[in-house]
Structure formats: structure tokens, C-alpha cells
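The values are calculated or read from the model by the stated rules, or taken from the named source; none is laboratory data. From a predicted model like this one, the values you see are computed outputs, not experimental measurements. Reconstructed Cβ throughout: ideal geometry from the backbone, glycine too, with neighbour counts over all protein chains shown.
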Amino acid sequence: MDATRPVSLEKIYFGGDYCPDQWDDATIEEDMRLFKKAHINLVTLPVFSWAKLEPEEGRYDFGWLDKIMDKLAANGIGVNLATPTVAQPAWMSRKYPEVLPVDIAGRKRTHGMRVFFCYNSPKYLERARAIASAMAKRYASHPALKLWHVANEYGTYCYCPICRGKFIAWLKDRYGSIEKLNERWYTSFWGRTVFDWEEINLPDETNDDYRFNPTVQLDYMRFVTDSTAACFRNEYDAIREFSDKPIQTNMSGYIKKLDQFVMASRMDIVGWDNYPWPTHEMSFVAMKHDIMRGLKGGQSFLLAEQSPNQQNWQPYNVLKRPGEVRRLSWQAIAHGADSCLFFQMRQSRAGQEKFHGAVISHSGRDDTRVFRETARLGDELERLSPHVVGKRTRAQAAIVFDWNNWWALENSSGPNRDIDYLDGVHSYYKAFYERHIPVDFISENADLSCYKLVVMPYTYMFRPGLKEKTAAFVKGGGTLLAGALSGLVDENDHVLGEFPAGLRQVLGLRIEETDALKKDCFNGILMDGREFPCRLVCDIIIPETAETLGSFTKEFYAGSPAVTVNGFGQGKAYYIGSVPGTALVTAVLDRIGLAPVLPADDGLEVTRREDVGEETLFLINHGNVPLRAVLDNEYTDPLAGHKVSGEVEVAPNDVKVFIRRKQHDV
């Protein structure tokens with residue numbers, strides 16, 4: 001299977017992480033009954049069982065896993081078979097201490113934590129590939145096998161001697177010569193010039209000079225991503241020798257550490273773990289789902305983990321309220337997930353996550369609130385699976401999202417230490433969410449021509465080709481919406497010239513200075529007779545061919561341009577010279593005039609997935625009052641079994657799913 005080829009799943013996979021090596025035979029037998037009652041059709045295992053599968057080097061014990069695989073198959077339950085390489089056995093750490101990571105403070109870590117290995121360690125890679133190969137050879141033809149799951153939540157940064165040597169080799173390959181490296185790292189600043197590759201150190205806390213050189217830090221983050229992707233592919237390739245089933249890993253909800261576009265390019269299907277905090281807005285959760293959908297060009301993804309009740313690692317682990325898991329699950333499906341998987345299936349009796357929520361609680365009962373809600377959700381997903389799997393979202397707008405920009409902008413020593421890339425992107429995304437306008441997340445390498453509107457919030461770094469691609473898009477009739485701190489530096493974090501160098505001609509302006517505001521301070525922007533709050537940075541804009549739409553209301557630059565529009569070729573380019581609130585972005589969107597999925601009340605989440613023959617509409621009410629939408633056609637409510645049209649009401653904390661066959665296929 002080619003990792004760039006779309007994966008088509010047979011159904012919505014429903015279930016999650018299962019740890020049968022913690023339980024006796026009677027408990028496992030009872031679990032089979034409970035799984036079927038809850039409509040569970042897939043479990044993920046044995047994620048953390050390396051020590052049990054390989055109790056000593058080269059000696060495997062698969063007997064217990066054979067038994068559980070056979071039992072699951074006999075009960076009609078599929079397996080997302082995990083290589084257990086997230087947690088190496090103690091014998092490995094003791095026998096080969098080089099597999100243990102060194103942290104940013106320069107401390108050699110000891111055995112015990114998960115994801116606590118050096119992703120460049122030859123011995124770790126050797127043993128990980130060996131067990132992945134042994135598992136693939138043994139289970140490739142097993143009737144329970146549906147997917148492969150490699151390791152778990154990659155993201156460890158290592159600063160050991162092995163990584164230093166690999167980093168130097170990576171730099172040699174990237175730059176070719178020490179002279180070119182000095183040029184790209186701008187080592188003449190602060191006398192950092194190196195004359196030999198062995199003079200290069202890692203950007204850790206023992207070397208603050210390197211740690212605070214933004215180009216070195218940026219290159220190290222790129223290197224860690226490439227090393228982690230290679231670590232994943234080490235097992236991927238071993239599995240692929242024997243099995244043609246889709247292979248993936250689950251990325252942590254904290255997605256900053258690794259460039260997930262790079263990681264996703266090595267996978268068959270994207271998987272991620274959704275653990276929203278109680279303070280997260282539903283638009284923020286939806287945004288992360290849409291980012292996941294964008295990692296492989298709009299393909300469906302796996303919701304690989306969520307909690308069926310409370311988490312256990314937040315400061316205050318509040319219960320999921322009645323109906324909340326159902327809404328969160330349908331939200332993931334609505335935004336492109338083809339699975340709904342939980343951590344975990346049965347609550348552990350001890351250990352770090354013994355109080356983490358589970359489908360089956362410590363009581364083992366099937367009449368708990370969580371189990372009843374899970375069973376209801378499983379029934380709905382089973383019934384609606386044929387109307388969801390493989391369908392895609394069609395969007396006329398796209399947001400450019402880029403990990404290199406994220407890293408470089410937040411690593412920068414100016415202009416404002418409170419810049420938060422993800423939060424800034426959310427300010428723009430939320431306007432689309434509230435206007436019920438679908439939006440794709442795309443990389444800088446994506447084709448822009450299929451969109452009417454492209455948004456570039458915080459596109460701080462303009463790498464080769466982006467300037468020309470953006471200009472061609474607008475000149476050809478597209479609309480661009482760019483945000484502050486865009487078009488400032490190249491791929492090595494070197495200033496390109498007078499700001500915004502990558503966008504000056506398209507935007508028709510130059511930026512003379514940028515003011516910084518403290519986190520709790522705000523300026524205002526007056527536009528269309530309204531004053532909108534803005535924060536963190538304020539650009540002093542000198543229009544050249546641009547027209548001023550809004551002006552700052554405070555500070556010595558009060559009255560100067562803050563929002564502009566410029567005609568460029570057949571298209572238009574808008575610019576917001578600050579970090580806006582959602583209301584201001586919405587006002588600009590209203591000028592551009594994209595159509596919503598449906599007319600609907602504020603607060604109702606409205607999304608659509610479709611293929612050539614059918615469309616599926618999702619209406620989710622996360623609030624406490626009834627909300628309404630106006631349907632554009634006659635639909636079927638497959639859960640209620642009747643037709644619906646015109647105005648429909650969604651009760652508080654409820655979800656409605658409607659389907660419609662497209663006319664030309666009837």
C-alpha cells in the first residue's frame with residue numbers, strides 16, 4: 001500500500017484501547033459480552049505490552065496474544081494491532097542504556113516513562129523493527145486484523161550524543177558545506193562561526209547560545225520531526241513486508257512538537273487523540289479535527305482516542321456531562337473522522353491512569369450512565385456508518401497552516417512573547433465556524449487554485465515559491481486574507497527585507513513599524529461604524545495601492561490603517577494588521593461573501609460530508625437552548641425514520657444527522 005493512496009475503511013470503527021493482559025479469563029469473557037452489547041467493533045491492543053511479548057532479547061511470547069486475537073475474531077470484533085514499541089522493556093534500558101533519552105537540561109533519563117527512548121538509537125530501532133516484523137509475520141492473515149497502530153503519541157525530544165551525531169549528518173545533507181551552514185545560520189552574529197562540523201552542539205539548556213539562536217532551534221525541530229518520521233517508517237516498512245492493512249500511529253492532542261504534515265506523509269491514514277480541556281471552545285475542538293483532515297489533503301482520519309468520561313491528568317478532571325461524549329464523537333465524525341475510539345475500554349485497577357474514564361468502569365456493570373451512553377452511540381454509528389464512511393468535506397475556503405511558521409514565530413525574540421500561533425489561527429477559524437462556512441487546512445505546498453478564499457494568518461515565514469504562488473492565485477481572481485506578522489522571513493528565519501516582503505505587492509502596502517501590546521491590553525479598530533478589539537501587535541501600515549477599510553483607535557497611530565484591501569489582477573487581497581478578535585474577521589468575511597452550508601442560528605454547529613451520490617448533514621447543538629436551521633432540500637432522518645424539510649429544530653445538547661440522495665443518482 002502506498003502511503004499517499006487514500007484509505008477506505010469498511011465501516012465506522014467504534015471501540016478503543018484494550019489491555020487484556022491486565023485481566024483474567026473470566027473478566028475477558030465478560031468483556032466480550034459487554035463489547036457486543038455496546039456495539040464495539042474494534043479494539044486497539046497491545047500498546048504497552050513489549051515486556052510481556054519479549055521478556056528477554058529475541059525470545060517472544062505470543063501465546064496470550066494469540067488467544068485474545070482468536071477470541072476477538074470469534075466474537076466479530078476487529079483489532080487495530082499495535083506494535084508495543086512506545087514502552088521498551090526494562091531489560092533493554094538496562095542492557096543498552098544508549099536507548100534512553102537525554103533531556104533538554106542534559107540529564108540522562110532512567111527507565112520507566114512511556115515514549116522514553118531515543119528515536120535515533122540504533123539498538124532501539126533494531127529491536128523495534130524486529131518485534132514489528134515478528135508481529136506482522138504472525139498476524140498478517142489473522143481474521144481479526146483490520147489496522148496497524150505503530151507505537152503511541154510520538155513527541156520526545158532527545159539531546160544525547162547519538163542525536164548530536166545524527167544532527168550533524170542531517171546538517172551536512174541539508175547544507176553541503178560548513179561555509180553554507182555558517183551563511184544559513186547567520187553565525188557572524190554574536191561570533192558563532194564554526195570551522196568544523198564537530199564544533200556543532202545541540203540547542204539544549206547546557207548551551208544557551210545555541211538554544212536561543214532561532215535558526216539552530218528551528219533546524220533542530222525539523223531534524224526531530226525527520227528522525228521521528230524515520231523511526232515510524234522503520235516499523236512501517238517491517239510491517240509492510242507481510243501485511244497490506246493500513247498503518248498509522250496516533251498523534252497527541254498537543255500537536256506542536258512534530259511537523260504533522262511530514263508525519264502524515266509517512267502514514268496510510270491519520271490518527272489523533274482528542275482530549276479537550278473544559279475551557280476549550282467547541283470551535284477550537286472543531287478546528288483541530290479540520291487540521292487532522294487537512295494533513296492528507298482532505299482524507300478521512302481516525303479519532304484514535306478520547307475519554308468516554310473524565311480524564312485523569314488535568315488539574316480538575318470534571319465529568320463529561322450527559323450527552324457530551326455523544327456530541328464530541330459526532331463532532332469528530334462530522335469533521336472527517338471515520339472512527340470513534342476511546343481510551344480505554346475497561347478501567348485499570350492501578351497505575352497512573354486508574355481514574356481515567358472507560359467504557360466499562362471499575363464496577364464492571366452495564367447499567368452505568370457512561371455504558372448506556374456508549375451503547376446508544378454505538379448503535380447510532382452502526383446504523384449510520386454506510387452514510388458516513390469515505391465521504392469528504394467540500395470547502396471554498398482554506399487556511400494555510402504550517403509547523404515551521406508555528407515554531408519560528410514562537411521561538412522569535414520579538415515582537416511579543418505572548419504570540420500563540422494556534423490561538424491566533426483559531427481567531428480566524430472561529431469566524432468560519434460561526435458562519436457555518438466549511439474550511440480546509442492546507443500546507444504551503446498545496447494547490448490554491450481550487451479555492452475562492454485563502455487565509456494566511458501568521459504566515460511569518462515565506463519559503464521559496466510561496467510568494468509567486470500567492471501572487472498567481474490573487475492575480476487569477478482569488479481572494480487572499482492575510483494577518484499580521486506575515487511575509488517577514490525566509491526558511492532560515494532571515495529577514496526578507498521591507499515588510500511584508502513576501503506579500504508587499506499583492507497587499508499593496510508596506511509596514512513601517514510594529515507595536516507590541518501586553519497580554520491584557522487592547523487596541524481598537526474602527527470599521528463599518530463599529531469598533532472591534534485587537535491585541536498583541538499593531539502594524540503601522542503605509543498604503544501604496546491598498547484602500548483603508550478600518551483604522552486603529554488608540555495610541556499615537558490612532559487613525560492610521562489597520563484593515564486594508566487591494567485589487568491585484570482579477571482578485572483582491574485583504575490585510576488585518578493586528579491579532580483580531582473573531583468579530584472583526586467575521587466582518588471581513590461578510591464582505592467577501594462565501595455561502596454557508598445552511599442558514600442556521602448562532603451556536604449551532606453545521607457541517608456536511610458528501611460523495612458523488614449522497615450527502616450527510618450534521619447539526620450539533622452544544623448549548624442549553626433549542627437552535628434552528630433551514631434545510632435547503634428534503635432530507636431523511638435515518639434515526640427517526642422520516643423525511644424532513646424546511647426549518648428544523650435541534651434540542652439542547654442534541655445531534656441531528658440527515659441524509660439526502662443527490663438528484664442525478666436517483
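Being in a helix (DSSP H, G or I) and surrounded by fewer than 20 Cβ atoms within 10 Å (Cβ to Cβ) is the filter here, so list the residues in the range 37-52 that pass it.
Once the filter is applied, which keeps residues that are in a helix (DSSP H, G or I) and surrounded by fewer than 20 Cβ atoms within 10 Å (Cβ to Cβ), the range 37-52 yields Lys37, Ala51, Lys52.
Can you tell me which residue within the range 548-577, out of those that are among the hydroxyl-bearing types (Ser, Thr, Tyr) and in contact (Cβ under 8 Å) with a residue 40 or more places away in the chain, is farthest from Ile592 (Cα to Cα)?
Tyr557
Is it the case that Phe473 is part of a loop (DSSP other than H, G, I, E, B), over 21 Å from the mean Cα position of the chain (by Cα) and buried (at least 17 other Cβ atoms within 10 Å of the Cβ)?
For Phe473, the condition - part of a loop (DSSP other than H, G, I, E, B), over 21 Å from the mean Cα position of the chain (by Cα) and buried (at least 17 other Cβ atoms within 10 Å of the Cβ) - is not met.
Check off (1) closer than 30 Å to Asp379 by Cβ; (2) at pLDDT 95 or above; (3) among the β-branched types (Val, Ile, Thr) for Val99 and give me the number that stays unchecked.
Checking Val99 against (1) closer than 30 Å to Asp379 by Cβ; (2) at pLDDT 95 or above; (3) among the β-branched types (Val, Ile, Thr), the one that fails is (1).
Could you identify the single residue in Ala358, Ala350, Ala334, Ala375 that is over 28 Å from the mean Cα position of the chain (by Cα), assigned by TED's automatic domain parsing to the domain that holds Ser300 and among the aliphatic types (A, V, I, L, M)?
Going through Ala358, Ala350, Ala334, Ala375 in turn, just one is over 28 Å from the mean Cα position of the chain (by Cα), assigned by TED's automatic domain parsing to the domain that holds Ser300 and among the aliphatic types (A, V, I, L, M): Ala350.
Report whether or not Phe532 is assigned by TED's automatic domain parsing to the domain that holds Gly508 and within 20 Å of Leu485 (Cα to Cα).
Yes: the conditions hold for Phe532.
Find all pairs meeting these conditions: Cβ atoms under 7 angstrom apart; at least six residues apart or on different chains; first residue within the range 163-190 and of a type in the set (Gly, Ala, Ser); second residue surrounded by fewer than 17 Cβ atoms within 10 Å (Cβ to Cβ).
Filtered contacts from the range 163-190: no entries.
How about the range 535-568: which of its residues are β-branched (Val, Ile, Thr), touching a Leu at 6+ places or on another chain (Cβ under 6 Å) and over 16 Å from Ser486 (Cα atoms)?
Result: Thr553, single match.
Can you name every residue in the range 205-232 that is surrounded by fewer than 21 Cβ atoms within 10 Å (Cβ to Cβ) and not in a helix (DSSP H, G or I)?
Glu205, Thr206, Asn207, Phe212
Check every one of the strands (runs of 3 or more DSSP E) wholly within the range 605-666 and list those with 2 or more residues that are within 25 Å of the chain's Cα centre (by Cα).
In the range 605-666, the matching strands (runs of 3 or more DSSP E) lie at 614-621, 655-661.
Is it the case that the range 349-365 has a residue that's part of a helix (DSSP H, G or I) and in contact (Cβ under 8 Å) with a residue 40 or more places away in the chain?
no
Quick check: anything in the range 516-539 under 17 Å from Asn566 (Cβ atoms) and free of Cβ contacts under 8 Å to residues at least 60 places away in the same chain?
Within the range 516-539, one or more residues are under 17 Å from Asn566 (Cβ atoms) and free of Cβ contacts under 8 Å to residues at least 60 places away in the same chain.
Looking only at the range 233-268, count how many residues are assigned to a helix (DSSP H, G or I) and either of a type outside the set (Gly, Ala, Ser) or modelled with pLDDT under 95 (or both).
11
When the range 595-604 is examined, which residues are found to be hydrophobic (A, V, I, L, M, F, W, C), touching a strand residue (DSSP E or B) at 6+ places or on another chain (Cβ under 6 Å) and either within 22 Å of Val425 (Cβ to Cβ) or assigned to a loop (DSSP other than H, G, I, E, B) (or both)?
Val597, Leu598, listed by residue number.
Name the residue that is surrounded by the most Cβ atoms within 10 Å (Cβ to Cβ), counting only residues in the range 150-179 that are small (Gly, Ala, Ser) and over 12 Å from Val224 (Cβ atoms).
Looking at residues that are small (Gly, Ala, Ser) and over 12 Å from Val224 (Cβ atoms), I get Ala151.
Listed here are the residues, each with its yes/no results for (1) touching a His at 6+ places or on another chain (Cβ under 6 Å); (2) closer than 30 Å to His387 by Cβ; (3) β-branched (Val, Ile, Thr); (4) outside the structural domain of Met287 (by TED's automatic domain parsing).
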residue	(1), (2), (3), (4)
Asn566	no, no, no, yes
Ala573	no, no, no, yes
Thr582	no, no, yes, yes
Thr586	no, no, yes, yes
Leu617	no, yes, no, yes
His622	no, yes, no, yes
Glu634	no, yes, no, yes
Asp637	no, yes, no, yes
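Name the residues in the range 109-130 that are in a helix (DSSP H, G or I) and surrounded by fewer than 21 Cβ atoms within 10 Å (Cβ to Cβ), would you?
Of everything in the range 109-130, those that are in a helix (DSSP H, G or I) and surrounded by fewer than 21 Cβ atoms within 10 Å (Cβ to Cβ) turn out to be Pro122, Lys123, Leu125, Glu126, Arg129, Ala130.
Scan the range 170-196 for residues that are in a helix (DSSP H, G or I), within 35 Å of the chain's Cα centre (by Cα) and either over 23 Å from His494 (Cα atoms) or among the aromatic types (Phe, Trp, Tyr) (or both) and report the count.
Residues that pass the stated criteria total 3.
Does at least one position in the range 81-99 carry a residue that is at positive phi, surrounded by 15 or more Cβ atoms within 10 Å (Cβ to Cβ) and assigned to a loop (DSSP other than H, G, I, E, B)?
No, there is no match, as no residue in the range 81-99 is at positive phi, surrounded by 15 or more Cβ atoms within 10 Å (Cβ to Cβ) and assigned to a loop (DSSP other than H, G, I, E, B).
So which residues in the range 405-459 are among the acidic types (Asp, Glu) and outside any helix (DSSP H, G or I), if there are any at all?
Matches in the range 405-459: Asp418, Asp420, Asp440, Glu444, Asp447.
Looking only at the range 569-609, which residues are over 19 Å from Ala484 (Cβ atoms) and touching a Gly at 6+ places or on another chain (Cβ under 6 Å)?
Those that are over 19 Å from Ala484 (Cβ atoms) and touching a Gly at 6+ places or on another chain (Cβ under 6 Å): Gln570, Gly571, Gly603.
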